[in-house]
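Chemist: Before I ask anything, let me first share the structure, which is written out below as structure tokens.
The values are calculated or read from the model by the stated rules, or taken from the named source; none is laboratory data. Treat the numbers as computed from the prediction; the structure is a model and nothing was measured. Quick reminder, even Gly has a Cβ in these numbers, built from the backbone with ideal geometry, and neighbours come from all protein chains shown. Ligands, DNA and RNA are stripped out before the accessible areas are found, and what is left, the full protein with its side chains, is counted by its heavy atoms. Shrake-Rupley method; radii C 1.70, N 1.55, O 1.52, S 1.80 Å.
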Amino acid sequence: MQLTVNQLKTIMLTIAYTIDRDKDYLSELDRKTGDGDHGITMSLGWRAIKETMHDLPEEADCGTLCKTAGMKFLNAVGSSVGPLYATAFMRAGAAVNGKKFLTESDLLSFWTAFVNGIVERGQAVVGDKTMVDVWAPALDSLREHYALGNDVHACFRAAVSAGQAGMIATADMVSRKGRSSRLGDRSLSHQDPGAASAYLILSVFADMLETLNTKEGDLV
């Protein structure tokens, strides 16, 4: 299986659409523990990425696509989430630099670099009630299933399941990072908005990867 640059663009555009569609839901989650703007913030960042997808030159490779997306996201988003996702895209872009298509092995390298960028930049760990509670277990699951030699779509479905479990678990955590950490025990019983948006990104990527694979000629 190979994912082309144009197919990666399609996936990114679909993520942008989904984040924009669900921005009110994400902001409602944020109102319970933060300043209530997470949905708007993420929507602004992904709208900037959407513009990038339309403006990229024909000769752009997957690495250029990701690195450009990261810079656009950073320029559009002033909050702490901006540098996190910018770093993720820049690291992922470096991992697939110069590639016109991504193999199954490249997809693992892409997501390993993406998630590690978030973890290293944000210095959060599982249990802090952040997006890392989705990204870290999802990556662990992805690596585990790749190592077992499972079908790539099965690998991503397992990663999505692990990420979803991590997202749900944030409701039982006390926040230890960011604005919501000031609430202490009052942050309990509320799902983390950053975890929710992370789950949307991951699940759409996995769904689109599988959808494209069912269309003749879309994935080779």
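Chemist: Quick one: 3J(HN,Hα) in Hz for region 17-22, Karplus 6.51/-1.76/1.60 with θ = phi - 60°, rounded, Gly and Pro as x.
Modeler: 4, 5, 4, 5, 4, 9
Chemist: Provide the FRET efficiency to the nearest 0.05 for the Asp55-Gln2 pair, computing r from the beta carbons and using R0 = 22 Å.
Modeler: Efficiency, from the Cβ-Cβ distance: 0.35.
Chemist: Under a 5 Å amide H to amide H cut-off, with H placed in plane at 1.01 Å, what residues pair with Thr4 once short-range neighbours are removed?
Modeler: Leu102
Chemist: Between the helical axis of 62-76 and the dominant principal axis of the chain, each derived from Cα atoms, what acute angle in degrees is found, rounded to the nearest 10?
Modeler: It works out to around 30 degrees.
Chemist: Can I ask one more? Which whole-number percentage describes the relative contact order of the chain, with Cα contacts under 8 Å and a sequence gap of 6 or more?
Modeler: Relative contact order of the chain: 22 percent.
Chemist: What ranking of Asp37, Asp172, Asp61, Asp140 comes out by heavy-atom accessible area, probe 1.4 Å, highest first?
Modeler: These residues rank, largest area first, as Asp172, Asp140, Asp37, Asp61.
Chemist: Right, next: For Asn75 and Ser105, what is the calculated FRET efficiency with R₀ set at 30 Å and r taken between the beta-carbons, to the nearest 0.05?
Modeler: 0.45
Chemist: What do you get for the angle between helix 81-95 and the principal long axis of the chain? Use alpha-carbon atoms, 0 to 90 degrees, nearest ten.
Modeler: For 81-95 against the chain, the angle is about 30 degrees.
Chemist: Using r as the Cβ-Cβ distance of Arg21 and Leu148, and R0 as 35 Å, what FRET efficiency do you calculate, to the nearest 0.05?
Modeler: That pair, Arg21 with Leu148, gives E of 0.55.
Chemist: Right, here's the next one. Quick check: from the Cα gyration tensor, does region 29-174 come out rounded (a/c under 1.5), prolate or oblate?
Modeler: Note, shape of region 29-174 comes out oblate.
Chemist: How much accessible surface area, in Å² rounded to 10, belongs to the heavy atoms of Thr52 with a 1.4 Å probe?
Modeler: 0
Chemist: Here's a follow-up. Counting only trypsin sites (Lys or Arg not before Pro) that sit in a DSSP loop (anything but H, G, I, E, B) with at most 16 other Cβ atoms within 10 Å, what is the longest stretch of the chain containing none of them?
Modeler: That gives 101-175 as the longest site-free run.
Chemist: Let me spell out the model: positive unit charges on the Cβ of Lys and Arg, negative unit charges on the Cβ of Asp and Glu, origin at the Cα centre of the chain. What dipole size does that give, in debye rounded to 20?
Modeler: So the magnitude is around 580 debye.
Chemist: Using alpha carbons only, how many degrees (0 to 90, rounded to 10) separate the axis of helix 152-169 from the longest principal axis of the chain?
Modeler: 10
Chemist: For the chain, with all protein chains present and a 1.4 Å probe, just round the carbon and sulfur fraction of the accessible area to a whole percent.
Modeler: C and S fraction of accessible area: 50 percent.
Chemist: May I ask which of Lys99/Lys129; Lys50/Lys99; Lys9/Lys32 have a Cα-Cα span longer than 30 Å here?
Modeler: Result: Lys99/Lys129; Lys9/Lys32 exceed 30 Å.
Chemist: Cross-link candidates for Lys72: which aspartates and glutamates have Cα within less than 18 Å, leaving aside residues fewer than 8 places away along the same chain?
Modeler: Asp20, Glu51, Asp55, Asp61
Chemist: Between beta-carbons, use under 15 Å as the cut-off and find the net charge around Tyr25, counting Lys and Arg +1, Asp and Glu -1.
Modeler: -3
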